[in-house]
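Some notes on the structure that comes next.
Throughout, read-outs are computed from the coordinates displayed, never taken from laboratory work. Predicted, not measured: the structure shown is a model, and the values here were computed from it. Ideal geometry is used to build each Cβ from the backbone, glycine not excepted, and the neighbour counts take in all protein chains shown.
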Amino acid sequence: MAEDLRRIKGRSQLRPLVELAIWLTLVIGMWVYSYQFDRKLQSYAFGPVAWPRAVLLFIALAAVIAFAADWRRNQAAEVNPAADIVRTPRTPTRLGANLRLLTAFALPLGYVWLLPHAGYFATTPFFLGGFMRLLGLTRWPVVIALSLAIYAVMLLLFSKLLFIPLPTGNWPGFYDFSNWLLVRIGSG
Amino acid sequence: MSDFLLGLHGLISSPLNIVLFVAGLFGGLFFGAVPGLNAVVLATILLPFTGYLDATQAIMLLAVIYVSGVYGGAVTAILFNIPGSPENAPTAFDGYPMTQQGRAGKAIGAAVTCSAIGGAFSAVVMMVATAPIANWAIRAFGPPELFTLILFGLSVASSVGAQNLWKGWLSVGLGVLIATIGTDAAGGLKRFDFGSDYMMAGINFVPMILGVFAISEVFIQSQRIAQGLHAPPKIGLDFPSLREFWEVRVTIIRSAIIGFFSGLLPGIGATLAAFLSYSEAARWSKHPERFGKGALEGVVASETANNAATGGAMIPLLALGLPGGALTAVMVGAFEIHGIEPGPLVLVMSKQLVWVVFVAMFFANVAIFGLGWFESKTIVHLLRVPFSILGPTILLISTIGAFAARNLVVDVWVMYAAGIVGYLMRRSGYSMPGIVLGLILGRIGESAFVKTMQMLDYSFLGLFTRPISAILLVLTILSLGYNLYEALKKRR
């Protein structure tokens, strides 16, 4: 109980601080950058910086108020700690869950990085299969079959029916494969 | 009547129009119903492809998706406690408890019937009222009125969808800040481009919308799966009786009126409509203690209002060129793709387009009743498809849609970055609709502000010398003050 209280209290106090830090960093960074385009305009007395700086000031004010409100709420929770304890389910695979979530972020980003290099046509089935596995589909024959089926439907819909140009890649071999496939389905 | 027949003729004269109407209807229902998708996602994905259609077909398709999608999101709100769209959030307050009580069919039946009633009512009013409002708008609305209207819309938008008022303000502020990237409205100078040609063109709103809505939702569902919190839905198929509908007739009428007038606001019209209507229904109910625990009235209030808002939202879009919500913001994009500037002149220059859209929306609302009943018996079972299959498909379609907007991989990077940021912000209680509306209205707002200041010789007090802008400024101040008062009252 005491350990839960310390853990939750620490996390509750840290989050508003982190959010405030992020907002103020954004505000300060963009304010400093705004000097790059701080010019006088003949047609408009306020210039190009007035509007963005007004928005930045508004964001800074709102961020400080949000932080103050969260801080006061946390202080009130310290007075009445029992009411603030929310027992989140501590699953034994919490670390595993976080790793899976990070992979859920990384996999699409890796896919996007590969798109201009290896092309949409060569990478997509692997992306589909990988993400299905990540979300818990465990049987490989099912993963492969579904990935290919969805890939085929998208290919027919977007490349053959709608003629949407998709990245073909520029790495040796991949560009040739993409064009070969497009010719085969009749849209190249 | 002749205009109605003009629109009807335009709708049925081409087989492709009918195909698009039916496809939009089913597409909106399906996308609205599936967790992780909603009508905005479908509209955004289709937006780049609407360039291949003519303007009438493109806008009609998006309008039908709008109407059916607003209802479609009620299904996931009721079955999974996951609103398909923000305007379906109040539906979940009572709809999900009804599912847990094995009354999902009654909740869905009430949602489909009341959506049809609210939407048809607003479609009729829209057909009658858009032209008079447009005529008035040309004479009465200049840049000062436009600026103060946007200010009012943003002040209302900031109070809805976020964990608290301050996070609502921050969400809207972030959207407005992102809108400043590119070039300034007065002199065309580069702003926040960081030396990049891509940034000089501004952040395209298609990947932003896909990121903050679709991609962030996939990440949230992925997290639930990773934590073992994802559960399949229960489905019960009874429809509400006539007597049950009769008992909530006053709620239906009140919610339709609230919904329509809320939809007129160029902010989060349908979302505000649903929340306002829900709170008023609870206030006036004989049994307010039942709200939040499975009261049919709660579902009725929310769904009548959010569909009634669809017609209301089309009026500022067509009469003033201002989007009433996220999906109407996508429609602005469709207008731009076809080289049409939405505004009062659209009613004069593109009369058939406007009336085809009106007629299509009316019949879409009528069709919702039949299709919604059909859907409650059939398509709902598709929701048993595991998210492990749906999730990657959503990501793939979104990737294609983001790339297809401008054939730039950078747009796909922007989408996923927006998705990750959107996921983190949603977990922290920020409002995604607020960000998107800030992005859309911020651009229009700054342009209107520049012209206003030039007109009024840089005097802010000049805004109070014009009756409409003065009223809107006062309403903005009152709205902010009221929201502040409510926020401070909650803390005590």
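Compute the signed sum of charges (Lys and Arg +1, Asp and Glu -1) over the other residues within less than 15 Å, Cβ to Cβ, of B:THR50.
Details: positive: B:ARG406; negative: B:ASP54, B:GLU336.
So the environment of B:THR50 carries a net charge of -1.
Points 7 angstrom from Cα along the Cβ direction at A:LEU26 and A:LEU14: gap in nanometres?
Once both label points are built, they end up 2.2 nm from each other.
Give me a single rounded figure for B:412-425: the average over its residues of other chain Cβ atoms within 10 Å of their Cβ. Walk me through the intermediate numbers first.
Values: counts 7, 4, 0, 2, 5, 2, 0, 3, 4, 0, 0, 3, 2, 1.
Average per residue, whole number: 2.
Along the Cα→Cβ direction, 7 angstrom out, place labels at A:ARG139 and A:LEU102. What is the inter-label distance in nm?
3.2 nm
What pairs in A:LYS40/B:LYS451; B:LYS106/B:LYS167; A:LYS160/B:LYS351 have C-alpha atoms more than 25 Å from each other? Before the final figure, lay out the partial values.
Numbers: A:LYS40/B:LYS451 17 Å; B:LYS106/B:LYS167 35 Å; A:LYS160/B:LYS351 35 Å.
Over 25 Å apart, Cα to Cα: B:LYS106/B:LYS167; A:LYS160/B:LYS351.
Which shape class applies to the range A:94-185: rounded if a/c is under 1.5, otherwise prolate when a/b exceeds b/c and oblate if not, where a ≥ b ≥ c are the square roots of the Cα gyration tensor eigenvalues?
On the way: a/c = 2.52, a/b = 1.65, b/c = 1.52.
Because a/c hits 1.5 or more and a/b exceeds b/c, the range A:94-185 counts as prolate.
Among rounded, prolate and oblate, which fits the protein assembly as shown when a ≥ b ≥ c are the square roots of the eigenvalues of its C-alpha gyration tensor, a/c under 1.5 means rounded, and a/b larger than b/c means prolate?
On the way: a/c = 1.07, a/b = 1.06, b/c = 1.02.
In terms of gyration-tensor shape, rounded.
Given R₀ = 35 Å, FRET efficiency for B:VAL366-B:VAL474 by Cβ-Cβ distance, to 0.05?
0.30
Where does the charge balance sit around A:ALA63 when Lys and Arg score +1, Asp and Glu -1, over other residues with C-beta under 10 Å from its C-beta? Each step should come with its number before you reach the end.
Working: positive: B:LYS167; negative: A:GLU19.
Result for the local shell: 0.
Ordered by residue, what ³J(HN,Hα) values in Hz, to whole numbers, does the range B:461-469 give under the Karplus form 6.51 cos²θ - 1.76 cosθ + 1.60, where θ = phi - 60° and Gly and Pro are x?
5, x, 5, 7, 8, 9, x, 5, 5
Please give the Cα centre distance for the range A:108-168 versus the range B:198-219, rounded to the nearest Å.
Between the Cα centre of the range A:108-168 and that of the range B:198-219, the gap is 20 Å.
Assuming a ≥ b ≥ c are the square roots of the Cα gyration tensor eigenvalues, decide whether the range B:2-491 counts as rounded (a/c under 1.5), prolate (otherwise, with a/b larger than b/c) or oblate.
Values: a/c = 1.30, a/b = 1.25, b/c = 1.04.
Rounded shape, in that the Cα axes give a/c under 1.5.
Using a Förster radius of 25 Å, what is the FRET efficiency between A:ARG184 and A:LEU157 based on their Cβ-Cβ separation? Nearest 0.05, please.
Working: r = 16 Å, r/R0 = 0.65.
It comes out at approximately 0.95.
So what is the 222 nm mean residue ellipticity for chain B from helices alone, if each DSSP H run of at least 4 adds -39500 (n - 2.57) and you divide by all residues, rounding to the nearest 500 deg cm²/dmol? All intermediate terms of the calculation are to be shown ahead of the outcome.
Details: 22 runs with 356 residues, N = 492.
For chain B, the value works out to -24000 deg cm²/dmol.
Size of the dipole of the range B:2-491 about the Cα centre, Lys and Arg at +1 and Asp and Glu at -1 on the beta carbon, nothing else charged, in debye to 20? Could the numbers behind the result be given before it?
Numbers: 27 positive and 23 negative charges, 210 e Å.
About 1020 debye.
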